[in-house]
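Take a look at the structure set out below.
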Number of protein chains: 2
Amino acid sequence: MKKTALFGLVLLTTLHTHAQDTDSVAIRKMYNEALANGKSYEWLRYLTKQIGPRLSGSAGAQKAVDWTKQVMEQEGFDRVFLQEVMVPHWVRGAKEEAYIQNGKQKITVPIAALGGSVATPPKGVQAQVIEVKSLAELEQLGTDKVKGKIVFYNRPMDPTKLNTFEAYGGAVDQRANGATFAAKYGAVGAIVRSMTTAHDDNPHTGGMRYGTGVPLIPTAAISTNGADQLSSLLKQNPQLTFFFKQNCETLPDAKSYNVVGEIKGSERPDEIIVVGGHLDSWDLSEGAHDDGSGCMQSIEVLRIMKALGYKPKRTIRAVMFMNEENGLRGGIGYADYAKKNNEKHLAAIESDNGGFTPRGFGIVGTPQQKSRVQDWKSLLAPYGLHEIGPGGGGADIGPLAQQGTALFGFKPDSQRYFDYHHTGIDKFEAVNKRELELGAASMAALAYLLDKYGLPEATAVK
Amino acid sequence: MKKTALFGLVLLTTLHTHAQDTDSVAIRKMYNEALANGKSYEWLRYLTKQIGPRLSGSAGAQKAVDWTKQVMEQEGFDRVFLQEVMVPHWVRGAKEEAYIQNGKQKITVPIAALGGSVATPPKGVQAQVIEVKSLAELEQLGTDKVKGKIVFYNRPMDPTKLNTFEAYGGAVDQRANGATFAAKYGAVGAIVRSMTTAHDDNPHTGGMRYGTGVPLIPTAAISTNGADQLSSLLKQNPQLTFFFKQNCETLPDAKSYNVVGEIKGSERPDEIIVVGGHLDSWDLSEGAHDDGSGCMQSIEVLRIMKALGYKPKRTIRAVMFMNEENGLRGGIGYADYAKKNNEKHLAAIESDNGGFTPRGFGIVGTPQQKSRVQDWKSLLAPYGLHEIGPGGGGADIGPLAQQGTALFGFKPDSQRYFDYHHTGIDKFEAVNKRELELGAASMAALAYLLDKYGLPEATAVK
């Protein structure tokens, strides 16, 4: 009995070591393929330079749908198809104007209307400014101090947070809800400090939403340099006024699509593993890091598998989600289609934190699922993937959680992301080829392990 | 007895936990200081934009010596001083010219003379080209195939290496020794593919040396795009010729300096911990990543300690080494001064792999020293410093190994480094503020731990 147990242990250890070796070789090949023959970078060049901005409902978004479908067809994936979704259609209109009127001095500052905002009256809005650092501070001031003014939200992202997404999470309520809170106390507009730790002249746009029962007042982001200047002048002269004019508009919902390509599973074709990013971008930007990178990496995952002759047991799908930026209709629509078609999604990996050098994966799943993934740590660590643990999956794949899908957020290094986020400088040139390729290979490696070993069923509470 | 032992264990554990907490708080403060009040980025702006290129012996190098001395004095370090060293003084002269003559077609390509190369004759050199992938391949061809020709070394850096410094190490023999090998077989010049995995038009200069007993033939780097074009045309027409003209010259050695600033240790002032980088750069470049970053980070380490009121037990020194690029006279001279003055160097940390996001430290030391550093892993991991283990320390601190100093090489992420290395695009704009600051804080954290806990004596063989 003892001898058998020992023999069993030796056998298990040998098998385990053998499997680890096989996996280690397979993963090494994926990185080699991405780094030596990768296509993600040249695809990204096309998407950003030939197609460019692609806000939901725009001609650019439609071009991106057509082109990514074509790319995946040309790569010979087993099936490529579109999923129709209706998306919000917000347009910026003519470029915004803004200045600080300080006595006779008129100082132009860079602003960008927030996505979803209403326009100002055609002649613009001009009013005194009340600066606050938080929604709570505004509520304390109340109607007396706020009525008739422009509220200026100026709490910076905390530069001491190592993970810049945490710093973003700690400041973005001002952008999302600032206008609603300001309107509640009679403000005529809301200006929000751009969501970045950089000090520059780029206004960072982004989504906002109006609450119910309050007037819809116009709202815009101001560059960090502009915000610092405004704040400093307000200290000298609290009577100064701010002028802004914007011409944005929400049109009726438009028809658009998620774009899906897949390699059919050889043993369990009905179990699906998604790799994805979102195809839409803000209108100001080429959407290189946000999120052209994630889309091109997702197609590259399937290309790598095909190029290496790897036949997945399960079906691997690259999904270009539409409308992450201002509605999430693609993510919601994808989960709806999955439910209607009784598709079983084992896992979904999203890349929407930029095409930067890989650091790890955040996991949303059961303790058993997380524990399985921890077993793979030694296979992933040689590629700089040390940070594998709890964390967000990604907005687009979030709705799949309802069916018990394990969610994985690809985590690249976050230091540079908010320099570019939602601005005109989120360009192809800001993406490094090797960093982008390493991200694609990292996603391929995780998809390979998920495909080969599966995951424990999601019976436990998440 | 048993009880006492248990009590002792509990006490030790409590003390250990308490010490870890104290350290964890101290390190967190260092990162906060670097990220919220850091000066390294603005210093780097001055060094790159106001001073610019600073090859050993140049006016720029002297300005950098004067300015860094002044900065450290202004920061109020306990002692700031210069160490005189004589340095090689190579100058590029007028910009190089080069073209491929393919029948009647004349195609201009970007080249840069390698540091230390001789000039061509005033009218340039023109000859047929023999392409090789290695020094060994050249030796096999021998005099018959090589005599009177220009040797074209075209082995690329291996893009599949995760660590780009390994890829560099696998290709740089062509640059360092290519001219000597080519001259041995009668070549009239040597052209070397630039040391980068990027595909672009930037020639990457760098050091080379002539062996003894062979003619000194001119040698230059060609951009990777230029190399690809030349290789492709050679396949069509092996008779084509290559022309190049360069005007470089080696002048008599010049007087220069290492710049040293220190905070005196409160308990063991005679034990020194160095943090350093090299102040010289290639002439083509602002030397932002190579190695303005390392120098500014080193001064920042001392500034952070002062700002936080941290009084080190040992003496902490920031050293700006002169002449890493083409002679290492500063590094050698520093170790000589240390020996002459009976200075004991406990440890030295060099940052010379660029101002990129931190990944870890490479250690050259005894097993006991390495083991001590492994105890600190959990304190450093929260800052992305996962890769702590064997690895190079840094060229400038290398000569200190003779006295048993433990050497630490700061390891930032390596993906982008060779895009910029030794070219005109190694500019301030290529450095990200947060990444630079995180590097400085990482060095400060390691210096803090080294200062607080010391290291086992280097009695064992390294």
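The values are calculated or read from the model by the stated rules, or taken from the named source; none is laboratory data. A quick note: this is a predicted structure, and the numbers were derived from the prediction, not measured. FYI the Cβ positions are ideal-geometry reconstructions off the backbone, even for glycines, and counts take in every protein chain you see. Remember, those area values only see protein heavy atoms, side chains included, never the ligands or the DNA or RNA. Shrake-Rupley method; radii C 1.70, N 1.55, O 1.52, S 1.80 Å.
Remarks
- Screening A:ALA254, A:ALA227 for residues that are out of contact with any helix residue (DSSP H, G or I) (no Cβ under 9 Å at 6 or more places or on another chain), outside any loop (DSSP other than H, G, I, E, B), in contact (Cβ under 8 Å) with a residue 24 or more places away in the chain and not aromatic (Phe, Trp, Tyr) leaves exactly one candidate, A:ALA227.
- Members of the stretch B:212-223 that are touching a residue at least 24 places away in the same chain (Cβ under 8 Å) and over 23 Å from B:LEU55 (Cβ atoms): B:VAL214, B:PRO215
- So A:GLY389, is it open to solvent by 10 Å² or more (accessible area, probe 1.4 Å), within 14 Å of chain B (Cβ to nearest Cβ) and modelled with pLDDT under 95: yes
- Residue match in the stretch B:186-201 (condition: without any contact (Cβ under 8 Å) to a residue 24 or more places away in the chain and either hydroxyl-bearing (Ser, Thr, Tyr) or under 28 Å from B:GLY391 (Cβ atoms) (or both)): no
- Considering B:THR405, B:THR423, the condition of being crowded, with 24+ Cβ neighbours inside 10 Å, away from chain A (no Cβ under 11 Å), of a type in the set (S, T, N, Q) and touching a Phe, Trp or Tyr at 6+ places or on another chain (Cβ under 9 Å) is satisfied by B:THR423 alone.
- You will find that of A:GLN105, A:GLN101, A:GLN128, the residue that is out of contact with any strand residue (DSSP E or B) (no Cβ under 7 Å at 6 or more places or on another chain), over 28 Å from A:GLU437 (Cβ atoms) and away from chain B (no Cβ under 14 Å) is A:GLN105 and no other.
- Of the residues making up the stretch B:182-203, those that are touching a helix residue (DSSP H, G or I) at 6+ places or on another chain (Cβ under 8 Å), closer than 23 Å to A:GLU429 by Cα and not aliphatic (A, V, I, L, M) are B:SER194, B:THR196, B:THR197, B:HIS199, B:ASP200, B:ASP201, B:PRO203.
- Residue match in the stretch A:409-420 (condition: under 16 Å from the mean Cα position of the chain (by Cα), at pLDDT 95 or above and away from every other protein chain (no Cβ under 14 Å)): yes
- In the stretch B:432-458, the residues that are within 14 Å of chain A (Cβ to nearest Cβ) and closer than 12 Å to B:ILE304 by Cβ reach residues that are among the small types (Gly, Ala, Ser) and open to solvent by 10 Å² or more (accessible area, probe 1.4 Å) with C-beta atoms within less than 7 angstrom, at least six apart or across chains, in these pairs: B:GLU437/B:GLY38; B:ALA440/B:GLY38.
- One residue stands out in the stretch B:34-43 among those that are part of a helix (DSSP H, G or I) and in contact (Cβ under 8 Å) with a residue 24 or more places away in the chain: the one that is farthest from the other protein chains (Cβ to nearest Cβ), namely B:TRP43.
- Residue count for the stretch B:159-181 satisfying the condition of being touching a strand residue (DSSP E or B) at 6+ places or on another chain (Cβ under 7 Å) and open to solvent by 20 Å² or more (accessible area, probe 1.4 Å): 1.
- Taking the criterion of being within 14 Å of chain B (Cβ to nearest Cβ) and surrounded by 21 or more Cβ atoms within 10 Å (Cβ to Cβ), the only residue of the stretch A:134-158 that qualifies is A:MET157.
- A:GLY360 vs. criteria buried (at least 19 other Cβ atoms within 10 Å of the Cβ) and either over 20 Å from the mean Cα position of the chain (by Cα) or within 14 Å of chain B (Cβ to nearest Cβ) (or both): yes
- Against the criterion of being acidic (Asp, Glu) and under 22 Å from A:ASN37 (Cβ atoms), B:ASP228 qualifies.
Table: residues versus (1) without any contact (Cβ under 8 Å) to a residue 40 or more places away in the chain; (2) outside any strand (DSSP E or B).
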residue	(1), (2)
B:SER24	no, yes
B:ARG28	yes, yes
B:ASN32	yes, yes
B:ARG45	no, yes
B:PRO53	no, yes
B:ALA61	no, yes
B:ALA98	no, no
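- Hey, A:MET195 open to solvent by less than 10 Å² (accessible area, probe 1.4 Å) and over 20 Å from A:LEU233 (Cα atoms) or not: yes
- Residue tally, condition in a loop (DSSP other than H, G, I, E, B), of a type outside the set (S, T, N, Q), farther than 19 Å from A:TYR417 by Cα and open to solvent by 10 Å² or more (accessible area, probe 1.4 Å), over the stretch A:306-348: 8
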